Amino acid sequence: MAYEPPTHRVERSIRATTGATWVAGIDEVGRGAWAGPVTVCAAITGLRRPPEGLTDSKLLTPLRRTALAGVLRDWVTHHALGHASPQEIDALGMTAALRLAATRALAGLPRQPDAVILDGKHDYLGPPWRVRTVIKGDQSCVSVAAASVIAKVHRDAMVAELAAEHPAFGFDTNAGYPSPTHRAALEEWGPTPHHRRSWTYLDALPRWRHLKLPSHRDALAAESLEDSGQLGMF
């Protein structure tokens, strides 16, 4: 299936209507995972022509995504990454954890952006940031698409490193997301320190259910469960 390449239409609109000159695209990865952090990338691209093949990271093969991320890290004007740990996700809930990770990413840029484009329909940043939410922004906006690819490749590599410590879970192939290997390892060994213990997968694991922490039923947490396929998974 052919996909329309992302454009600078939203970035140009924000510049024209607000006078912003530094517009950061933001995307996250790991929201629906059972293990590992949630990771946010903030990318500033200017209005230059993007590398060929840029689109939402989920639409790219792993090989193409990794190659494109290498190009993008040099092509973007600036980018920075922020993370919220599984423990922070459990303690704060997904919405607050995303805000924390995004704030950390934005703090890593050399200056504060004048405006931010968030992928999706929820503004999890809020004041003092000037935010434009764009559904499927990772497919339509150049800066968000670039952030999507960089974030995905970086987080996948982070979680893959955990495979040496916990080989049964298949972290090098599933990046902490649900998979048959991951489910089987959880049933046998229970959650690792890298798992989100407020997630509902523990409800279906009688041996380990006592380890479950209270969950935060905010809108983004509910979407995370649906995206990960947790509801009715076992």
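Thr66 satisfies every condition listed in (1) in contact with a Pro (Cβ under 7 Å, 6 or more places away or on another chain); (2) outside any loop (DSSP other than H, G, I, E, B) except (1). Among the residues making up segment 150-195, a single one is open to solvent by 40 Å² or more (accessible area, probe 1.4 Å), touching a strand residue (DSSP E or B) at 6+ places or on another chain (Cβ under 7 Å) and over 21 Å from Asp138 (Cα atoms): His194. Of the listed requirements (1) outside any loop (DSSP other than H, G, I, E, B); (2) modelled with pLDDT of 95 or more, Glu226 misses just one: (2). Inspect all residues belonging to segment 202-221 and state whether any of them is modelled with pLDDT of 90 or more and under 27 Å from Asp119 (Cβ atoms). Looking for residues that are modelled with pLDDT of 90 or more and under 27 Å from Asp119 (Cβ atoms), one finds none in segment 202-221, hence no. Which residue pairs have Cβ atoms closer than 7 Å, lie 6 or more positions apart in sequence or on different chains, and pair a first residue in segment 189-207 that is basic (Lys, Arg) with a second residue that is open to solvent by less than 30 Å² (accessible area, probe 1.4 Å)? Here the result reads Arg196/Trp34; Arg196/Ala35; Arg196/Pro86; Arg196/Ile89; Arg196/Asp90; Arg197/Asp90; Arg197/Pro191; Arg207/Gly190, each pair linking segment 189-207 to a residue that is open to solvent by less than 30 Å² (accessible area, probe 1.4 Å).
So, of the residues in segment 1-46 that are charged (D, E, K, R) and part of a helix (DSSP H, G or I), which turns out to be least open to solvent (accessible area, probe 1.4 Å)?
First, pick out the residues of segment 1-46 that are charged (D, E, K, R): 4, 9, 11-12, 15, 27-28, 31.
Cutting the leftovers down to part of a helix (DSSP H, G or I) gives us 9, 11-12, 15.
Numbers: Arg9: 159, Glu11: 5, Arg12: 128, Arg15: 80 Å².
Only one residue fits best here, namely Glu11.
Scan segment 48-66 for residues that are surrounded by 15 or more Cβ atoms within 10 Å (Cβ to Cβ) and either under 19 Å from Ala160 (Cβ atoms) or under 13 Å from the mean Cα position of the chain (by Cα) (or both) and the total you get is 5. Scanning segment 119-139 for residues that are open to solvent by less than 40 Å² (accessible area, probe 1.4 Å) and in a helix (DSSP H, G or I) gives Gly137, Asp138.
Summed over segment 33-62, residues that are farther than 20 Å from His8 by Cβ and at pLDDT 95 or above total 8.
How many residues are in contact with a Phe, Trp or Tyr (Cβ under 8 Å, 6 or more places away or on another chain) and part of a loop (DSSP other than H, G, I, E, B) if we restrict to segment 195-219?
Quick first cut of segment 195-219, residues in contact with a Phe, Trp or Tyr (Cβ under 8 Å, 6 or more places away or on another chain) only: 195-196, 199, 201-202, 204-205, 215.
Adding the requirement that they be part of a loop (DSSP other than H, G, I, E, B) leaves 196, 199, 205, 215.
The number of residues fulfilling the criteria is 4.
Among the residues of segment 88-118 satisfying the criterion of being assigned to a helix (DSSP H, G or I) and of a type outside the set (A, V, I, L, M), which is least open to solvent (accessible area, probe 1.4 Å)?
Taking segment 88-118 first, the residues assigned to a helix (DSSP H, G or I) are 88-92, 94-107.
Still in the running and of a type outside the set (A, V, I, L, M): 88, 90, 95, 99, 103-104.
On the way: Glu88: 50, Asp90: 16, Thr95: 34, Arg99: 94, Thr103: 60, Arg104: 97 Å².
Once the filter is applied, the top-ranked residue is Asp90.
Taking the criterion of being in a loop (DSSP other than H, G, I, E, B), over 13 Å from the mean Cα position of the chain (by Cα) and not basic (Lys, Arg), would at least one residue in segment 141-157 satisfy it?
Taking segment 141-157 and keeping what is in a loop (DSSP other than H, G, I, E, B), we get none.
The answer is no, given that none of the residues of segment 141-157 is in a loop (DSSP other than H, G, I, E, B), over 13 Å from the mean Cα position of the chain (by Cα) and not basic (Lys, Arg).
Residue pairs whose Cβ atoms lie under 6 Å apart, separated by 6 or more positions or on different chains, with the first residue in segment 142-170 and of a type in the set (Asp, Glu) and the second assigned to a helix (DSSP H, G or I), do not occur.
The values are calculated or read from the model by the stated rules, or taken from the named source; none is laboratory data. Values in this document were obtained by computation on a predicted structure and should not be read as measured data. Cβ coordinates were reconstructed from backbone atoms using ideal geometry, including for glycine residues, and neighbour counts include every protein chain displayed. Heavy atoms of the whole protein, side chains included, go into the accessibility calculation; ligands, DNA and RNA do not. Shrake-Rupley method; radii C 1.70, N 1.55, O 1.52, S 1.80 Å.
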